[in-house]
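Taken together, the values in this text are just the output of simple stated rules run on the coordinates, not laboratory data. Computed from a predicted structure; not experimentally measured. Cβ sites come from the backbone with ideal geometry, for glycine too, and all protein chains shown count toward neighbours.
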Amino acid sequence: MTNLSRKTQCKDCNVDERKEVFYHISLNYAPTLLLQKLLRERGYDTSLWLYGPDDLITEAGTMNIFVFWTNEQGEKELRTPPLSGLILPGVTRQSALEIARSWNEFKVVEKDITMSMLLNALKENRLHHMFGTGTACVVSPVMELYYKNNRYSIPFTEDPSSLPERILKEYTDIQYLDSFMKSHLIKAVWPVNLNPV
């Protein structure tokens with residue numbers, strides 16, 4: 001697994017809720033380039049973008065973000081921020097959601113995540129994994145956060161049975177048709193000329 005987001009610095013995000021956020025255009029990334037350079041100089045791999053007074057978690061660098069935790073109702077849950085205009089609707093994000101839903105093992109939801117929710121889950125040992133998804137990294141774990149002058153270690157394992165590793169494996173199997181071939185009937189198709197000469 002690629003550890004692009006090994007260390008993450010939390011930053012405020014002043015994103016306007018406009019149509020531009022739904023598209024991959026250079027203007028979405030341009031304001032972040034200097035910040036990314038500064039973060040790397042300080043030993044962080046990327047930033048965790050926060051929005052509003054509640055510090056809503058939006059994205060990590062150019063990745064969509066997921067948390068896998070036991071929610072406050074005691075249920076295992078995979079959660080990612082909703083497509084509310086603040087994040088890009090990544091293809092890898094959607095694939096991870098569909099893969100996890102197909103297992104039917106835990107709740108899979110698209111709901112807001114605040115820093116206070118995340119830190120409470122971490123403090124109460126309810127946070128199991130945090131990871132980003134994206135075209136370049138596919139699935140990348142978050143192993144450490146730096147927020148309001150505090151460092152937080154995020155649970156992490158490369159165990160093949162861990163959720164991020166399982167999603168990564170199924171996603172790459174699909175890319176190479178391994179999983180698809182096992183789960184779908186594919187018949188050879190012969191061309192048929194419907195307009196005889």
Long-range HN-HN contacts of Glu59 with modeled amide H, under 5 Å: Trp49
Rounded Å value of the spacing that divides the Cα centres of region 125-143 and region 35-105: 8 Å
Ranked list, fewest to most other Cβ atoms within 10 Å of each Cβ, for Val91, Val142, Val67: Val91, Val67, Val142
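Using r as the Cβ-Cβ distance of Lys123 and Asp173, and R0 as 35 Å, what FRET efficiency do you calculate, to the nearest 0.05?
Between Lys123 and Asp173 the formula returns 0.45.
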